[in-house]
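Novice: Supplied in structure tokens, the structure appears directly below.
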Amino acid sequence: MTTEILNNIQVMDINDHKEETEESVVPFERQIIDAVIEIWKEDPSTETLGVPKLHGLVKSRHKNWALSEKRVRTLLKKYGLLANNPDQQYTYASEITSQETPDMDLPDKIKVLQTSKKGKGLYAKKNVKKGDFLWEEKPLFYVPPLANMTLIKNGKACSYCGKLLTQGTRGNSGVSYLRGLDCDVCSEIWCSKECKNTDSKIHASLKHNVYHPSKSNTRKNINANAYLALQDYCLKEQWNALYSITRIYADIVSDKSGVKERQFSAMARISQETRYKALNSSAGSFDNFQGGALFVQEQQESLWKEGFSLFSNVFPNSVDEGKINYDEFMYMLGTFNINNLDSVIFLIQSHLNHNCEPNTTVKLSSNRTEGLKVYAARDIKAGEELTTSYVNPSHTVQQRQRELRVNWGFRCACEKCKSELKEQHRRKSSSQKSNSEKDSIREMLSNTKAELGDTEITLDDPKNPSKERRKSVRFDEKVIAVSK
Ligand SMILES: [Zn+2]
Ligand SMILES: [Zn+2]
Ligand SMILES: [Zn+2]
């Protein structure tokens, strides 16, 4: 509870007498919900406020709204936004399934265990010291950065790693060297022989239909024109998940061994539709979809359908063979969203479960194609589970809990969350007394004001200097896994 908020409420109450003379309007449901979310976004600490205070805050911002406390309560309940009863909030962790991962080479210090409660997880096989190197791995599925796609298309960034090709680099490299790194067919370019060697085959199947001319009588697995259309669409819509699963599926259909397909389908799996239910019951962040929290459901569904139709066009064979349908597409989106690290999917790292105080440090190489290294963040005993943080540990406990519930479907019960919630509860109940004192002061002031006329009166709280206001953290901030 911050001083500003208390002040707002008091000023608002005092001014209420005046507001009644202004023309009042009855707000729409969505306007009310949006107003509440706006308040939460600006100051996450307001998430713990009860309905009467939230109602007060909404009224202070929309003085002409005819809005009862009861209506705010009913609506918050309807949208599942009542933070007071977290047990009623939607979680979906129990609907996430996973299978034993095939063909995985594990480093000797680590083992995988599957439990009914937590699914798959990584555990230490022996005692590990703080700072010890645990393993390194290259991406299982690497996805070139969508953000650099315009540069890539114009030959200004590497078609694979996305590295910018500055004038200097091109000059220093010399014309003949660069010529070897150009694509023969389109205007795209690679920064190095490694990037070109790794990417050129998939590049050709995705971006031009000239690959394997000898097999022109057999249908291709990938329709390049359809892929380019999808890529432009994803760029326009900033829909990174659709773009990423298309790249991933292109890898899968190009992998003759079938290992990548088996590994991807063994990952923690969930439908995007299921995840979306959690978003609908929260102001939390979700993907990097624009539109924010309460994106209207119908609008959302038509977007998914549009995405699915573009996706199906890229892989006509898989559609014919019945490997892709709308449901499976939704599962691919959901599975990508819960397993990716900065749009890249790692086989071993994706087995790490979450803790707000993780015992490992995951270091991503600055060159995204190179992968990551994992170290022990503290001493770890044999048999202990290895963990990473899916969210920014410096966020408030409410923020973290919301992000984790929406994005990964569970309510975090780690020690850090438990102790911070307990501490908050303790502070809240000890401040309850002073709040009721305030209420009576407020009433007195209000009466005084009625006697004095329209003089502005604000109330300062000497016990609670205004410096305490928490830094506002936006809900729609991209959720990233951090390892500190
Ligand atoms: Zn490169
Ligand atoms: Zn090309
Ligand atoms: Zn936690």
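The values are calculated or read from the model by the stated rules, or taken from the named source; none is laboratory data. As the structure is a computational prediction, the values presented were derived from the model and not from experiment. All Cβ positions, even for glycine, are placed from backbone atoms using ideal geometry, and neighbour counts span all protein chains on display. In case anyone asks, the SASA skips ligands and DNA or RNA and just uses the protein heavy atoms, side chains included. Shrake-Rupley method; radii C 1.70, N 1.55, O 1.52, S 1.80 Å.
Novice: With each label point set 7 Å from Cα along the Cα-Cβ vector, what nm distance links residue 63 and residue 200?
Specialist: Between residue 63 and residue 200, the label points sit 7.1 nm apart.
Novice: For residue 104, what accessible area in Å² do you get when you roll a 1.4 Å probe over the heavy atoms of the protein chains, rounding to the nearest 10?
Specialist: Accessible area of residue 104: about 40 Å².
Novice: Between residue 416 and residue 320, what is 0.36 nm times their sequence separation minus the Cα-Cα distance? Round to one decimal in nm. Before the final figure, lay out the partial values.
Specialist: Details: separation 96, 0.36 × 96 = 34.56 nm, distance 4.99 nm.
Contour length minus the Cα-Cα distance gives 29.6 nm.
Novice: For segment 81-160, build the convex hull from the C-alpha positions and give me its volume per residue in Å³.
Specialist: Numbers: hull volume 19.9 nm³, N = 80.
Given the Cα convex hull of segment 81-160, per-residue volume reads 249 Å³.
Novice: Would you pull out the residues with amide H under 5 Å of residue 347's amide H, same chain only if 5 or more places away, H placed 1.01 Å from N?
Specialist: HN-HN under 5 Å from residue 347: 140.
Novice: Just to confirm, what accessible area per residue do you get for segment 299-375 at 1.4 Å probe, in whole Å²?
Specialist: Working: 2820 Å² over 77 residues.
The answer is 37 Å² per residue.
Novice: Please list, in order along segment 143-159, the HN-Hα scalar couplings obtained from phi with the Karplus expression 6.51 cos²θ - 1.76 cosθ + 1.60 (θ = phi - 60°), rounded to whole Hz, x for Gly and Pro.
Specialist: Running phi through 6.51 cos²θ - 1.76 cosθ + 1.60 with θ = phi - 60° gives 10, x, x, 4, 4, 9, 4, 5, 5, 4, 4, 9, x, 9, 9, 4, 4 Hz.
Novice: Rounded, prolate or oblate, given the Cα gyration tensor of segment 315-356, with a/c below 1.5 counting as rounded? Before the final figure, lay out each step's value.
Specialist: Numbers: a/c = 3.39, a/b = 2.63, b/c = 1.29.
Prolate shape, in that a/c is at least 1.5 and a/b is the bigger ratio.
Novice: What shape does segment 29-83 have by the C-alpha gyration tensor, where a ≥ b ≥ c are the square roots of the eigenvalues, rounded means a/c under 1.5, and otherwise prolate means a/b greater than b/c and oblate the rest?
Specialist: In terms of gyration-tensor shape, rounded.
Novice: Calculated FRET efficiency, residue 123 and residue 25, Cβ-Cβ r, R0 56 Å, to nearest 0.05?
Specialist: Numbers: r = 59 Å, r/R0 = 1.05.
The computed FRET efficiency comes out at 0.45.
Novice: Using only the Cα atoms of segment 363-416, build the gyration tensor, take square roots of its eigenvalues as a ≥ b ≥ c, and label the shape rounded, prolate or oblate: rounded if a/c is under 1.5, else prolate if a/b is larger than b/c, else oblate. Intermediate values should be presented prior to the final figure.
Specialist: Numbers: a/c = 2.26, a/b = 1.29, b/c = 1.76.
Verdict is oblate for segment 363-416.
Novice: Here is a follow-up. Could you order peptides 189-197, 249-257, 299-307 by the average number of other Cβ atoms within 10 Å of their residues, highest first?
Specialist: Working: 189-197: 18.0, 249-257: 16.3, 299-307: 14.7.
Order by mean packing, descending: 189-197, 249-257, 299-307.
Novice: Any idea of residue 25's accessible area? Nearest 10 Å², probe 1.4 Å.
Specialist: Counting only protein heavy atoms, residue 25 exposes about 60 Å² to solvent.
Novice: With +1 assigned to the C-beta of every Lys and Arg and -1 to the C-beta of every Asp and Glu, and no other charges, what is the dipole magnitude of segment 35-148 about the Cα centre in debye, to the nearest 20?
Specialist: On the way: 20 positive and 14 negative charges, 134 e Å.
I would put it at about 640 debye.
Novice: Which percent of the accessible heavy-atom area of segment 70-150 goes to carbon and sulfur, probe 1.4 angstrom?
Specialist: Numbers: 2350 of 4910 Å².
Carbon and sulfur together cover 48 percent of it.
Novice: Could I ask something else about it? How large is ³J(HN,Hα), in whole Hz, for each residue of segment 259-267 in order, when computed from phi with the Karplus curve 6.51 cos²θ - 1.76 cosθ + 1.60 and θ = phi - 60°, using x for Gly and Pro?
Specialist: Karplus values, whole Hz, x for Gly and Pro: 5, 4, 4, 5, 5, 5, 6, 8, 5.
Novice: Which of 236/323; 260/323; 156/193; 111/381; 153/373; 117/138 have a Cα-Cα distance over 19 Å? Walk me through the numbers before you get to the answer.
Specialist: On the way: 236/323 28 Å; 260/323 15 Å; 156/193 16 Å; 111/381 13 Å; 153/373 31 Å; 117/138 29 Å.
The pairs that break the limit, which is 19 Å between Cα atoms, are 236/323; 153/373; 117/138.
Novice: Using modelled backbone amide H atoms (1.01 Å from N, in-plane), which distant-in-sequence or interchain residues come within less than 5 Å of residue 135's amide H?
Specialist: So residue 135 has HN proximity to 374.
Novice: For residue 371, which sequence-distant residues (separation of 5 or more, or a different chain) have an amide H within less than 5 Å of its own amide H, given hydrogens modelled in the peptide plane?
Specialist: Sorted by chain and number, the residues that satisfy this are 365.
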